[in-house]
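Structure first, commentary second.
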Amino acid sequence: MITRSLRPALLAAALLATLPAAAQDLLVRGATVHTASAQGTLADTDVLVLRGRIAAIGKNLGAPAGISVVQAKGQALTPTLFGGISELGAEEVSGVEATADSRLRLEDQPARPEFDLSLAFNPDSLLLPVARAEGIGFSALAPNPGGSFIAGQGAVIRTQGDSQPLASRQLYLSLGGNVSAQSGQSRAAQWMLLAQMVEEARGNLPASSPHALLSPAGRKALASYLAGNGRVMVRVDRASDIAQLLRWAAREKVRIGIVGGAEAWKQADALAAAKVPVFLETLVNLPASFDQLGARADAAALLAAAGVEVSYVLNGDGAHNARKLRQSAGNAVAQGLPWETAYAGLTSVPARALGVDDELGSIAIGKRADLVLWDGDPLDVAHVARRVWMGGVEQALRSRQTELRDRYQAPAGSQPRAYLQPSAPRY
């Protein structure tokens with residue numbers, strides 16, 4: 001609830017009494033605050049940040065002594081945006097195997113749900129500043145299918161670069177024609193194998209069986225998700241596969257999410273009834289496979305109209321192109337998705353679906369002060385992030401890409417530009 005009385009000032013005073021003003025303290029004054037919460041969009045509103053968290057939201061908030069004050073002058077203030085489901089933080093160069101950790105390939109016992117890609121997260125990845133400078137603050141680090149259609153586990157990461165993945169975990173698996181090679185060349189075999197793995201995880205098949213598919217650790221990992229501890233994220237496109245998945249999830253009482261979902265719009269009512277979020281590839285409007293024959297540009301609008309919560313993913317190389325997710329949202333608006341709904345798909349919807357909405361995804365009292373001040377509409381790629389804060393600390397909008405740009409735009413001298421010494425990295 002937005003407070004217009006002295007309550008925010010009293011809260012600020014109480015907090016300040018216990019700690020000195022620090023870099024994590026600031027007041028953003030006079031912004032158009034897109035809260036991504038039930039409060040909606042608030043014009044000419046202030047946001048007070050203390051100790052890296054949002055302490056107050058309202059008009060004409062008092063500025064505690066010594067605190068940094070940013071004059072927004074009506075510009076859009078949002079939480080940092082979602083960067084999709086990708087290998088961001090576990091891949092540097094997709095074509096160099098030593099820098100790409102997202103696939104597990106084992107000859108024996110290839111189905112290893114205990115594989116946890118978050119253990120390979122690199123907070124010094126050069127891709128994080130690239131995404132952060134574009135207003136991307138959090139992303140789902142996810143494995144890709146290797147020797148099995150059960151890819152393994154992932155986690156939510158922040159692009160701040162000095163933190164480990166958050167506590168929430170997701171299990172990733174793929175269904176359909178794209179992974180038929182990992183399941184005996186038949187999508188029917190995917191359900192057969194998955195059924196056996198569920199039986200093993202529930203202790204209905206002895207671990208000593210010569211036909212066992214899972215290791216003891218794999219049984220324990222899968223059992224945790226079957227018990228509701230985390231969401232099972234399923235990469236799937238074909239409508240009939242989605243229908244089968246919904247029946248399986250209801251029978252096994254598993255919380256699922258759809259990733260990709262080219263034909264998910266055909267199951268919109270069933271997805272809404274089951275409260276299953278869809279992370280849609282909105283830029284896929286033509287079929288790239290037989291599983292995507294029903295792909296259409298207005299899929300996000302159709303899903304949302306039925307009551308499905310929609311977020312976004314990119315079609316390939318998402319680690320290097322997380323910043324393009326804004327374009328996905330903007331295109332969805334152009335195809336009929338309401339602006340506020342599209343914006344929620346970059347903020348509150350993914351945070352809620354991935355289990356981190358108590359920390360991220362909206363501007364609300366008590367949440368992390370991961371904020372972006374934009375020079376225009378955040379869903380319009382013609383506009384950019386003017387300032388970015390994470391945990392209340394302002395981030396330099398620099399990356400290896402901007403350093404290279406500056407080097408090769410420098411005035412020519414006695415040596416070629418390639419020999420110029422760049423300034424110390426500020427990312």
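Look through the stretch 118-136, keep the residues that are of a type in the set (S, T, N, Q) and farther than 30 Å from Gln196 by Cβ, and return whichever of them is surrounded by the fewest Cβ atoms within 10 Å (Cβ to Cβ).
Ranking the candidates gives Asn122 first.
Counting only residues that are more than 22 Å from Lys266 (Cβ to Cβ) and among the charged types (D, E, K, R), which one in the stretch 306-335 is most open to solvent (accessible area, probe 1.4 Å)?
Step by step, filter the stretch 306-335, then rank; the result is Lys324.
Among the listed residues Gly316, Gly392, identify the single one that is in contact (Cβ under 8 Å) with a residue 40 or more places away in the chain and either touching a Gly at 6+ places or on another chain (Cβ under 7 Å) or not hydrophobic (A, V, I, L, M, F, W, C) (or both).
Gly392
Kindly provide the set of residues from the stretch 164-180 that are hydrophobic (A, V, I, L, M, F, W, C), without any contact (Cβ under 8 Å) to a residue 60 or more places away in the chain and over 17 Å from Leu213 (Cβ atoms), ordered by number.
Ala167
Among residues belonging to the stretch 71-94 that are of a type in the set (D, E, K, R) and crowded, with 20+ Cβ neighbours inside 10 Å, point out the one that is modelled with the highest pLDDT.
Among them, the one singled out is Glu87.
Out of Leu222, Leu214, which single residue is more than 19 Å from Ile258 (Cβ to Cβ), assigned to a helix (DSSP H, G or I) and in contact (Cβ under 8 Å) with a residue 60 or more places away in the chain?
Selected residue: Leu222, the only one of Leu222, Leu214 that is more than 19 Å from Ile258 (Cβ to Cβ), assigned to a helix (DSSP H, G or I) and in contact (Cβ under 8 Å) with a residue 60 or more places away in the chain.
Residue by residue through the stretch 107-117, note down the ones that are buried (at least 22 other Cβ atoms within 10 Å of the Cβ) and closer than 14 Å to Ala90 by Cα.
Phe115, Leu117, listed by residue number.
Among the residues of the stretch 270-305, which ones are within 21 Å of Val232 (Cβ to Cβ) and either over 22 Å from the mean Cα position of the chain (by Cα) or open to solvent by less than 30 Å² (accessible area, probe 1.4 Å) (or both)?
Ala270, Leu271, Ala272, Ala273, Val276, Pro277, Val278, Phe279, Leu280, Asp291, Leu303
How many residues does the stretch 368-425 contain that are in contact with a helix residue (DSSP H, G or I) (Cβ under 8 Å, 6 or more places away or on another chain), modelled with pLDDT under 80 and not small (Gly, Ala, Ser)?
Counting residues in the stretch 368-425 that are in contact with a helix residue (DSSP H, G or I) (Cβ under 8 Å, 6 or more places away or on another chain), modelled with pLDDT under 80 and not small (Gly, Ala, Ser) gives 4.
Out of all the residues in the stretch 347-401, which are assigned to a helix (DSSP H, G or I) and touching a Lys or Arg at 6+ places or on another chain (Cβ under 9 Å)?
Quick first cut of the stretch 347-401, residues assigned to a helix (DSSP H, G or I) only: 348-353, 400-401.
The answer is Ala353, and nothing else.
Taking the condition of being open to solvent by less than 10 Å² (accessible area, probe 1.4 Å), closer than 30 Å to Asn229 by Cβ and not small (Gly, Ala, Ser), how many residues in the stretch 361-372 meet it?
Number of matching residues: 2.
Kindly evaluate Gly316 against the criterion of being closer than 25 Å to Leu141 by Cβ and either acidic (Asp, Glu) or not in a loop (DSSP other than H, G, I, E, B) (or both). Give the derivation first.
On the way: closer than 25 Å to Leu141 by Cβ: yes; either acidic (Asp, Glu) or not in a loop (DSSP other than H, G, I, E, B) (or both): no.
Criteria not met by Gly316.
Within the group Ser68, Ser139, which residue is open to solvent by 20 Å² or more (accessible area, probe 1.4 Å), of a type in the set (Ser, Thr, Tyr) and under 24 Å from Trp389 (Cα atoms)?
It is Ser68.
Among residues belonging to the stretch 32-65 that are among the charged types (D, E, K, R) and more than 21 Å from the chain's Cα centre (by Cα), point out the one that is most open to solvent (accessible area, probe 1.4 Å).
Among them, the one singled out is Arg51.
Return yes when Met233 is part of a strand (DSSP E or B), open to solvent by less than 30 Å² (accessible area, probe 1.4 Å) and in contact (Cβ under 8 Å) with a residue 60 or more places away in the chain and no when it is not. Outline the logic, then answer.
Details: part of a strand (DSSP E or B): yes; open to solvent by less than 30 Å² (accessible area, probe 1.4 Å): yes; in contact (Cβ under 8 Å) with a residue 60 or more places away in the chain: yes.
Yes; evaluated as a whole, the condition is true for this residue.
What strands (runs of 3 or more DSSP E) lie completely within the stretch 99-205 and have 1 or more residues being closer than 15 Å to Val232 by Cα and polar (S, T, N, Q)?
Working: elements: 136-141, 150-158, 169-174.
The strands (runs of 3 or more DSSP E) meeting that bar are 150-158, 169-174.
State yes or no: is Gln327 over 22 Å from the mean Cα position of the chain (by Cα) and free of Cβ contacts under 8 Å to residues at least 60 places away in the same chain?
Here the answer is no, as Gln327 does not meet what is asked.
Starting from the stretch 355-369, keep only residues that are under 15 Å from Val28 (Cβ atoms), then list their pairs with residues that are open to solvent by 10 Å² or more (accessible area, probe 1.4 Å) and charged (D, E, K, R) whose Cβ atoms are within a distance under 7 Å, requiring at least 6 positions of separation or different chains.
Between residues of the stretch 355-369 that are under 15 Å from Val28 (Cβ atoms) and residues that are open to solvent by 10 Å² or more (accessible area, probe 1.4 Å) and charged (D, E, K, R), the close pairs are Lys367/Arg53; Lys367/Glu359; Arg368/Arg53; Arg368/Glu359; Ala369/Arg53.
Among the numbered criteria (1) closer than 25 Å to Lys220 by Cα; (2) open to solvent by 10 Å² or more (accessible area, probe 1.4 Å), which single criterion is violated by Ser102?
(2)
The values are calculated or read from the model by the stated rules, or taken from the named source; none is laboratory data. Not measured: the values here are computed from a predicted model. Note that each Cβ is placed from the backbone with ideal geometry, even for glycine, and that neighbours are counted across all protein chains shown. Remember, those area values only see protein heavy atoms, side chains included, never the ligands or the DNA or RNA. Shrake-Rupley method; radii C 1.70, N 1.55, O 1.52, S 1.80 Å.
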